[in-house]
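Note sheet for the following structure.
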Amino acid sequence: MKRIKNSHLITVCFFSVYSIFALGQSEYKSDYQNGLQEIIVTAQKRPESMQDAPIAMSVMTSSQLEMQAITDVGGLEGGIIPSLRVMPIGSTPSNLIISIRGNAPSDVSEVTRDGSVGIYLDGVYLARSHGFGLELADLERIEVLRGPQGTLFGRNSIGGAVSLVSKKPSGNLGFKQVLSIGRFNELRSVSRLDLPEMAKVKIKLDYLHSERDGWVNNTAPGQADYNAYNKDGGKLSVNWQARDHVAIDYSYDNSSVEMSQRYMQFYKDNLGSFSQERERLSETRLPVAPLKPTVVEQQGHSATVTWIASDQLTIKSISAVRNLKEDSQNNYAGVLYFNGLLDLSLMEQDQYSQELQLIGRSERTDWVAGLYYLKEDVNKFLQDSFSLDIFGIFGPQLSAIDPPSTFDALGSGATLPPRIVDAEARSRAAYGQASWKPDGFGERLELTLGGRYTEDKKVASRFETSLSQSRQDYENLDSSMALQYQWQDDLSTYLKWGTAYKAGGVNTRSGSFGAFEKEVAETWEIGLKSEFWDHRARVNVAVFTTDYEDMQLDFSDPVMVTLVETINASETVEVSGAEMDIAVSPMSGLLLGLSYTYLDSDMPLQPNPLNGGALKQFFVPLTPQHAGSITLDYAFEPRSYGALALHIDMTSTDHYSYVPFGEQRTDAYSLLNARLELGDINLGGSGGGVFKASIWAKNLLDEAYVVYAFAVGEPAVSVAQAFGAPRTMGLDISYTF
């Protein structure tokens, strides 16, 4: 079992230290960057400095996102934020499993269950993870809030919350065009137009297109290659200052994503139908037909009305309507059940959400209160077929079946009928939080108390050979408390306690269609936030322990592996750990960053109801014991021909479980990325705009690393694995005026 590659981290540490001294000897005496920039966040529903909030969080600014070429949630897959793990699910390429500090459902394609991390786009909760493959337009920052966020962010945030914040229109005429090319015929175009303010209205238009060929060649003529994609998206952003104290922000986004699934290889083939495929392949083991991309289309309208009623009170309304459609066509090419399983599904989801916030402050108190409502309707059609005759029943072994036949689970001629699922979810909540600075402590002591009451109603039906129905009602009261003390202006510590819960539901792959109950997380956390050396150094540390009651666990039926049951753990599951984030700017233009996370999970044996209550080993997925990242950014002294900037980052991840059950395939890996940028190239004189050119490389060392794996059957007849992308390099050119 491979351990974390400390040698890579040591190499980068040495390079970082060497760079400090080497660059420090430079003749350049730039003064355009002095110290660390203050980062303003809205983690507590109001603007404040990241260093003032008693929350463990990681923030990526727009410049960091640009330098690291992160354009969507999937761009965080490499582990640049060590506590945040992003993993593709095998069945749907644009569907991502998101985890913070461990614990995530293994099958987020199930429309009747929820994730463990709340994802918010400009304050709007995204109920389904199926569309996370979309490109995001002009982000101002990404806030990753670590640990349960039940009070302010509600249900399904037991691991934490990710807030994606877009830039607003500037009101000044401006245009930006970015063109990027790279390996595997990668092409990306970003067009951005900011219109001048008229009648107190500001408008911004964004359009994005990106495409790439697959890096696993499908030898079947005319069929898609694995890992290919084609993405288009546009966004309209409007800001209207309707009155002196009333502003309305409206946005409309529309995107279409075509993605071929990840290629699944045999880590183990215990039946001997294929040889083991331990190394990353660039070509399929046999021609795979049919194979078409999964198509995900989504659009959304959101309107935020902000009324500054007085210096002490702001009232905000956030309304949103979103629609998501997914046409999924995946072919597992023999790695599942030893035939070419063809997984076809059609899904459509509609959601409406409304949130009302009251944000107030007095001499010693900051507070927020709100009401929240979410309505979600989903329907899904699923049909399993097979496209390759491994056993030679319909012809010579390894012969293609065209058209594909309906999937025969037992080889008995009894085929599985299509599955039709309809689901509805309604959620209502009321919440409040107040921070109070009592007399007698020089305004250095702050006590924060919060609570949220939630009611959830879920209705689901499944039709296969007969109709099955399920109805669940849940309610929960989440609470939080934080005690923070400001020892000095730039040094504070806090003690925090909080709870959050994930709604229950029903697994549509279950034979019984029985419901599982809610899951509750409780966390204790101690944190330190500090800045020193004249704001050139920042050190933030958090130590925590989280108990999960009734954790939702999945496992396959040992007889019928196509059936997946979800139960609630009978024993408490504990995840403890420590996190550290360091940023240092030892000289003008140089910024070094280090992030590290340690996680320790304790999963007691759980009784298996499908095997007479026999104790079974489960795992807490996406919980590497060690994970870290190192970044180096250096902006050279600007010259007459432009400004040169260098970015290097390395992430290193210990091995971890990808799924909570079955035989485990684990991996540890390190990824190195780099970017060299020449900006402020003025080719047209004053007012003519500026150019910028960048060369970049991802996975520079061409690490063959595993991003997803699972066992088929119990005991396993095979263990499948999917690799991450090989080394890619490219060129970006942008023009801005």
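Considering only region 513-546, state which residues are more than 19 Å from residue 573 (Cβ to Cβ) and either buried (at least 20 other Cβ atoms within 10 Å of the Cβ) or acidic (Asp, Glu) (or both).
To start, the set of residues in region 513-546 that are more than 19 Å from residue 573 (Cβ to Cβ) comprises 513-515, 526-542.
Scanning region 513-546 gives 527, 529, 531, 534, 538, 540, 542.
Restricting attention to region 637-668, report how many residues are part of a loop (DSSP other than H, G, I, E, B), closer than 28 Å to residue 59 by Cβ and either touching a Gly at 6+ places or on another chain (Cβ under 7 Å) or of a type in the set (Gly, Ala, Ser) (or both).
1
So, in region 286-336, how many residues would count as being surrounded by fewer than 19 Cβ atoms within 10 Å (Cβ to Cβ), polar (S, T, N, Q) and touching a residue at least 60 places away in the same chain (Cβ under 8 Å)? Spell out how you get there, then give the answer.
Step one: list which residues in region 286-336 are surrounded by fewer than 19 Cβ atoms within 10 Å (Cβ to Cβ), which gives 286-287, 292, 295, 297, 299, 301, 303, 305-313, 315, 317, 319, 321, 323, 325, 327, 329.
If we keep only those that are polar (S, T, N, Q) as well, we get 299, 306, 310, 312, 317, 319, 323, 329.
Adding the requirement that they be touching a residue at least 60 places away in the same chain (Cβ under 8 Å) leaves 306.
Number satisfying all stated conditions: 1.
Considering each of 461, 510 in turn, give the residue that is modelled with pLDDT under 95 and surrounded by 14 or more Cβ atoms within 10 Å (Cβ to Cβ).
Details: 461 fails: modelled with pLDDT under 95.
Of the residues listed, the single one that is modelled with pLDDT under 95 and surrounded by 14 or more Cβ atoms within 10 Å (Cβ to Cβ) is 510.
Scan region 178-206 for residues that are touching a Ser or Thr at 6+ places or on another chain (Cβ under 6 Å), over 30 Å from residue 244 (Cα atoms) and crowded, with 16+ Cβ neighbours inside 10 Å and jot them down. Walk me through how you get there before you give the answer.
First, the residues of region 178-206 that are touching a Ser or Thr at 6+ places or on another chain (Cβ under 6 Å): 178-179, 182-183, 188, 194, 204.
Remaining after also requiring over 30 Å from residue 244 (Cα atoms): 178-179, 182-183, 188.
Within region 178-206, 178, 182, 183, 188 meet the criteria.
Could you name every one of the strands (runs of 3 or more DSSP E) located completely within region 138-204 that has at least 3 residues being more than 30 Å from residue 282 (Cβ to Cβ) and within 18 Å of the chain's Cα centre (by Cα)? Show your work before the answer.
Working: elements: 139-146, 160-166, 174-182, 186-194.
The strands (runs of 3 or more DSSP E) meeting that bar are 139-146, 160-166.
Within region 583-610, can you find the residues that are in a loop (DSSP other than H, G, I, E, B), surrounded by 19 or more Cβ atoms within 10 Å (Cβ to Cβ) and of a type outside the set (Gly, Ala, Ser)?
Restricting attention to region 583-610, the residues satisfying the condition of being in a loop (DSSP other than H, G, I, E, B) are 588-589, 603-605.
This time we only want the ones that are surrounded by 19 or more Cβ atoms within 10 Å (Cβ to Cβ), so: 589, 603.
Of everything in region 583-610, just one residue is in a loop (DSSP other than H, G, I, E, B), surrounded by 19 or more Cβ atoms within 10 Å (Cβ to Cβ) and of a type outside the set (Gly, Ala, Ser), namely 603.
Name the strands (runs of 3 or more DSSP E) wholly within region 681-730 that hold at least 3 residues that are free of Cβ contacts under 8 Å to residues at least 60 places away in the same chain and crowded, with 16+ Cβ neighbours inside 10 Å?
On the way: elements: 690-698, 706-712, 718-723.
Strands (runs of 3 or more DSSP E) meeting the threshold: 690-698.
Would you be able to tell me the number of residues in region 439-474 that are part of a strand (DSSP E or B) and either closer than 13 Å to residue 425 by Cα or in contact with a Leu (Cβ under 9 Å, 6 or more places away or on another chain) (or both)? Spell out how you get there, then give the answer.
Pass one, region 439-474, residues part of a strand (DSSP E or B): 445-463, 467-474.
Now narrow it down to the ones that are either closer than 13 Å to residue 425 by Cα or in contact with a Leu (Cβ under 9 Å, 6 or more places away or on another chain) (or both): 445-448, 450-461, 470-474.
Number satisfying all stated conditions: 21.
Does residue 94 satisfy being under 30 Å from residue 648 (Cα atoms), touching a helix residue (DSSP H, G or I) at 6+ places or on another chain (Cβ under 7 Å), of a type in the set (Ser, Thr, Tyr) and in contact (Cβ under 8 Å) with a residue 40 or more places away in the chain? Even if it seems obvious, please write down each step before you answer.
Values: under 30 Å from residue 648 (Cα atoms): yes; touching a helix residue (DSSP H, G or I) at 6+ places or on another chain (Cβ under 7 Å): yes; of a type in the set (Ser, Thr, Tyr): yes; in contact (Cβ under 8 Å) with a residue 40 or more places away in the chain: yes.
Yes, satisfied.
If you take the residues of region 631-661 that are surrounded by fewer than 20 Cβ atoms within 10 Å (Cβ to Cβ) and among the hydroxyl-bearing types (Ser, Thr, Tyr), which of them is nearest to residue 675 (Cα to Cα)?
The residue in question is 634.
Residue-by-condition table, conditions (1) in contact with a His (Cβ under 8 Å, 6 or more places away or on another chain); (2) of a type in the set (Ser, Thr, Tyr); (3) over 30 Å from residue 492 (Cα atoms):
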residue: 379; (1), (2), (3): no, no, yes
residue: 401; (1), (2), (3): no, no, yes
residue: 405; (1), (2), (3): no, yes, yes
residue: 431; (1), (2), (3): no, yes, no
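Considering each residue of region 611-630, count those that are free of Cβ contacts under 8 Å to residues at least 60 places away in the same chain and buried (at least 18 other Cβ atoms within 10 Å of the Cβ), and give that number.
1
Taking region 566-621 as the region of interest, how many residues are of a type in the set (Phe, Trp, Tyr) and within 26 Å of residue 109 (Cβ to Cβ)? Quick ask: steps written out before the conclusion?
First, the residues of region 566-621 that are of a type in the set (Phe, Trp, Tyr): 596, 598, 618-619.
This time we only want the ones that are within 26 Å of residue 109 (Cβ to Cβ), so: 618-619.
So the count comes out to 2.
So that you can scan it fast, the table gives a plain yes or no per residue for (1) more than 31 Å from the chain's Cα centre (by Cα); (2) part of a strand (DSSP E or B); (3) without any contact (Cβ under 8 Å) to a residue 24 or more places away in the chain:
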{"residue": "393", "(1), (2), (3)": "yes, no, yes"}
{"residue": "404", "(1), (2), (3)": "yes, yes, no"}
{"residue": "424", "(1), (2), (3)": "no, yes, no"}
{"residue": "431", "(1), (2), (3)": "no, yes, no"}
{"residue": "483", "(1), (2), (3)": "no, yes, no"}
{"residue": "501", "(1), (2), (3)": "no, yes, no"}
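Residue 717 - would you say it is modelled with pLDDT under 95, within 30 Å of residue 341 (Cα to Cα), hydrophobic (A, V, I, L, M, F, W, C) and more than 24 Å from the chain's Cα centre (by Cα)? Working first, answer last.
Working: modelled with pLDDT under 95: yes; within 30 Å of residue 341 (Cα to Cα): yes; hydrophobic (A, V, I, L, M, F, W, C): yes; more than 24 Å from the chain's Cα centre (by Cα): yes.
The answer is yes for residue 717.
Test residue 356 against the criterion of being surrounded by fewer than 18 Cβ atoms within 10 Å (Cβ to Cβ), assigned to a loop (DSSP other than H, G, I, E, B) and at pLDDT 95 or above, and give yes or no.
On the way: surrounded by fewer than 18 Cβ atoms within 10 Å (Cβ to Cβ): yes; assigned to a loop (DSSP other than H, G, I, E, B): no; at pLDDT 95 or above: yes.
Against the criterion (surrounded by fewer than 18 Cβ atoms within 10 Å (Cβ to Cβ), assigned to a loop (DSSP other than H, G, I, E, B) and at pLDDT 95 or above), residue 356 does not qualify.
The values are calculated or read from the model by the stated rules, or taken from the named source; none is laboratory data. Here the structure is a predicted model, which means the values were calculated and not measured. So basically every Cβ, Gly included, is an ideal-geometry build from the backbone, and we count neighbours across all protein chains shown.
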